[in-house]
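Trainee: Mind having a look at this structure? Questions to follow.
The values are calculated or read from the model by the stated rules, or taken from the named source; none is laboratory data. Keep in mind that what you see is a predicted model, and the values were worked out from it rather than measured. Because the Cβ atoms are built from the backbone with ideal geometry, glycine has one as well, and the counts that use them run over all protein chains shown. In case anyone asks, the SASA skips ligands and DNA or RNA and just uses the protein heavy atoms, side chains included. Shrake-Rupley method; radii C 1.70, N 1.55, O 1.52, S 1.80 Å.
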Amino acid sequence: MNADAPVVIIGAGPAGATAALALAEAGISSVLLDDNGDAGGQVWRTGAADQGPPLAYTDARGDELRRDLARHGDIIDHRTGHEVVGLFPDLRLWVLAGGETVTSLHPKAVIVATGALEVFAPVPGWTRPGVYGLGGLQALMKTSRAVPDGPVVLGGAGPLLRLVAAQLAALGAEISAVVDAAPWPSPGQVWRLASQPGLLAKGVAFEWGLLRRGIPIHRGSAIVEIAGDDEPDSVLVAPVDETWKPVEGPRRRLAARVVGLGYGVRSNVELTRLAGCEHVFSAPRGGWHATRDPNMETTVENLFLAGDGGGIGGVEVALAEGVIAASAVAQRLGRGDGLKTKAAKARRRLVDLTRFQDALAEWSGVRPGILAGCTEDTIVCRCEDVKRGEIAAAVAAGYTDIGPVKMNTRAGMGLCQGRTCTPAVQAIMASETGTPLAEVGLPTSRAPLRPVPLEALAQLPQDEAAE
Ligand SMILES: Cc1cc2nc3c(=O)[nH]c(=O)nc-3n(C[C@H](O)[C@H](O)[C@H](O)COP(=O)(O)OP(=O)(O)OC[C@H]3O[C@@H](n4cnc5c(N)ncnc54)[C@H](O)[C@@H]3O)c2cc1C
């Protein structure tokens, strides 16, 4: 690894890879780290399946990005299968390679571009084998073209719901229904979405992909139970109000062998929390994320943040922010002049995209009622088997901060370290205490973020290992 590169970029999705390429244009070398097997991030994820049938609704920009990175291999040290498990306020990083070795890096500047995580709303039966996150189903398609044996019911909200349904259907999956908590967008929302005709056209294409195959979309509805002996055999669907809380009204039971769930995405804040950045809650941007100045610099000096990790904006926003962050880093290193024009164009693009993003969040952004289907006995933290009732009991016992609730119940302390359950724990706490979600706060992050063999930690310099 080029330990002397002045810049380390974490995440080789659209934001991080674009930042690396822009820095290369300014003659600045970087180390680009990603835990995946190839660049592209979530949206342009690839795999062995590139020999298989084409995946519908994908664009060619992922392949272009990978070709560009390979062409700049002399100046971009792109490391796949490298996970950053520690990032500290002085910009030191711990990098886990191949799950076995941990190295320490100490660059002059860091760009965090770690993207988003999915938002789940636990309902009875959601821990059964055969229940997937929408992103998980999509990752299976992208990497191996695997399609589950139907009937498949997908539930949640947001663009990923329709995209995954349309992609599965195009690969021949038997999709029996899509259950969408959001209603039809209002005429005003459609008008604002039309400010980006290309993006709106993509959304319409997903919808059309379902309609022309006769796949029903149950709008203003949510899956409130997944039934079956072991694997699912059916789901119960209820109408929801404008907060997405299930209400009185006809319930329908739909046959389902496989269920996909997902209520949109939220910023992955693990590393920015660890580094001590200030965070803010913004519902239209998917909840908590680190604050940034217009140059994408966080409250920690020389620590920049681009893409969905800094608030949900989608791929176009991620591409623009990657350029802006790279330009700011280049200026900090005294080499920024060449990127100024490109950064100014990216800033204009960001302004153009705001209207679209706001309308999208207003239509399908996650609402507080989604946890109403989660009963006292529903498991919320699936790593540690913590039920909703146990979280409610901890709150009733006087633990109103998320840290003590986590320590008392072990919710979020398992293998995934709260990547899956944190939004649900926060929402349960908000509902039990009657406080707004924004006041519940975020759990503390600690290094190493993932389980690391002790042997690997021992390879760190003595003073760091002792820490
Ligand atoms: C599951 C899922 C599926 C999605 N699918 C689509 C889609 O099909 N179409 C679409 O338009 N949008 C999709 N999105 C939204 C998508 O996140 C954005 O549109 C876009 O990919 C954001 O780009 P980014 O560069 O900010 O982040 P990402 O593309 O998410 O890239 C971040 C990269 O950082 C890596 N990473 C994270 N943490 C670490 C770490 N600690 N160490 C090393 N590497 C790390 C990740 O593995 C990933 O490769 C999806 C989001 C999710 C969560």
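Trainee: Lys and Arg at +1, Asp and Glu at -1: add these up for the other residues within a Cβ distance under 11 Å of Glu376 and post the number.
Mentor: For residues surrounding Glu376, the net value is 0.
Trainee: Output the 0 to 90 degree angle, nearest 10, between the alpha-carbon long axis of helix 340-364 and the longest principal axis computed from the alpha carbons of the chain.
Mentor: Computed tilt is about 10 degrees.
Trainee: Another question, then. Round to the nearest 0.05 the FRET efficiency obtained for Leu211 and Arg419 when R0 = 30 Å and r is the Cβ-Cβ distance.
Mentor: Rounded to the nearest 0.05, the efficiency is 0.30.
Trainee: Tell me, what is the 1.4 Å probe accessible area of Lys387, in Å² to the nearest 10?
Mentor: 80 Å²
Trainee: Taking all protein chains together and a probe of 1.4 Å, list Met141, Met407 from the most accessible to the least accessible.
Mentor: Met407, Met141
Trainee: Just need log10 I(q)/I(0) for the chain at q = 0.09 Å⁻¹, Debye formula, equal scatterers on the alpha-carbon atoms, no solvent, rounded to two decimals.
Mentor: -0.60
Trainee: Any idea of Thr400's accessible area? Nearest 10 Å², probe 1.4 Å.
Mentor: The value for Thr400 is about 80 Å².
Trainee: Sticking with this one: Using only the alpha carbon atoms of the range 9-155, find the Kirkwood hydrodynamic radius as the inverse mean reciprocal pair distance, in angstroms to one decimal.
Mentor: For the range 9-155, inverting the mean 1/r across all distinct Cα pairs yields 17.1 Å.
Trainee: With only alpha-carbon atoms in the gyration tensor, what are the semi-axes of the equivalent ellipsoid for the range 308-357, in Å, largest first?
Mentor: Values for the range 308-357, descending: 22, 12, 6 Å.
Trainee: Follow-up question, since we're still on this one. Taking the Cα centre of the range 54-133 as origin and charging only Cβ (+1 Lys, Arg; -1 Asp, Glu), how large is the dipole, in debye to the nearest 20?
Mentor: 80 debye
Trainee: With Cβ to Cβ distances under 13 Å as the rule, what net charge do the other residues near Pro183 carry (K, R +1; D, E -1)?
Mentor: The answer is -2.
Trainee: If you don't mind, there's one more thing I want to ask. Out of the trypsin sites (Lys or Arg not before Pro) in the range 185-214, which ones are loop residues according to DSSP with at most 16 other C-beta atoms within 10 Å?
Mentor: Sites meeting the loop and neighbour criteria: Arg212, Arg213.
Trainee: Could you tell me which residue out of Cys416, Ala394, Ile379 lies farthest along the dipole of the range 375-435 toward its positive end? Charges go on the beta carbon: Lys and Arg +1, Asp and Glu -1, centred on the Cα centre.
Mentor: With unit charges placed on the Cβ atoms, the residue in question is Cys416.
Trainee: Counting DSSP beta bridges in the range 1-137, what percent are antiparallel, to the nearest 5?
Mentor: Taking every DSSP beta bridge with both residues in the range 1-137, the antiparallel ones total about 45 percent.
Trainee: Please report, in debye to the nearest 20, how large the charge dipole of the chain is about its Cα centre when each Lys and Arg carries +1 at its beta carbon and each Asp and Glu carries -1 there.
Mentor: Value, rounded to 20: 1260 debye.
Trainee: Can you tell me what percent of all Cα-Cα pairs in the range 375-435 are more than 12 Å apart?
Mentor: 60 percent
Trainee: Please work out the C-alpha center-to-center distance from the range 350-422 to the range 440-459 and express it in whole Å.
Mentor: 21 Å
Trainee: When we measure straight from the Cα of Lys202, which aspartates and glutamates land under 15 angstrom away, once same-chain ones fewer than 8 places off are left out?
Mentor: Asp59, Glu316
Trainee: Using Cα positions and a limit of under 15 Å, work out the aspartates and glutamates in reach of Lys340, with same-chain residues fewer than 8 apart set aside.
Mentor: Glu25, Glu321
Trainee: In straight Cα distance, which lysines are under 26 Å from Lys387, not counting same-chain residues fewer than 8 positions off?
Mentor: Partners within reach: Lys245, Lys406.
Trainee: Label points 7 Å out from Cα along the Cβ direction at Asp149 and Ala344: separation in nm?
Mentor: So the two model labels end up 6.1 nm from each other.
Trainee: Sticking with this one: How big is the convex hull of the Cα atoms of the range 84-236, per residue, in Å³?
Mentor: 180 Å³
Trainee: Show me the ranking of peptides 203-210, 297-304, 266-273 by mean Cβ neighbours inside 10 Å, starting with the highest.
Mentor: Descending mean neighbour count gives 266-273, 297-304, 203-210.
Trainee: Sticking with this one: Could you give the distance between the Cα centres of the range 40-100 and the range 183-203, to the whole Å?
Mentor: 31 Å
Trainee: Taking only the alpha-carbon positions of the range 100-157 and ignoring solvent, what does the Debye formula give for the base-10 log of I(q)/I(0) at q = 0.13, 0.21, 0.22, 0.24 Å⁻¹?
Mentor: -0.58, -0.95, -1.01, -1.13
Trainee: Nearest 10 degrees, 0 to 90: what angle lies between the long axis of helix 61-71 and the longest principal axis of the chain (Cα atoms)?
Mentor: Orientation of helix 61-71: about 20 degrees from the principal axis.
Trainee: Between the helical axis of 315-332 and the dominant principal axis of the chain, each derived from Cα atoms, what acute angle in degrees is found, rounded to the nearest 10?
Mentor: 20 degrees
Trainee: Run through the DSSP bridge list for the range 120-263 and note the antiparallel percent, rounded to the nearest 5.
Mentor: If we restrict to bridges inside the range 120-263, about 40 percent are antiparallel.
Trainee: Still on this structure, I have one more. Going 7 Å from the Cα of Asp337 toward and past its Cβ, which residues in the range 12-52 have a backbone nitrogen under 15 Å from where you end up?
Mentor: From the range 12-52, the list is 26-27.
Trainee: Which cysteines in the chain lack any other cysteine whose Cβ sits under 4.7 Å from their own Cβ?
Mentor: Those would be Cys277, Cys374, Cys383, Cys416, since no other cysteine Cβ in the chain comes under 4.7 Å of theirs.
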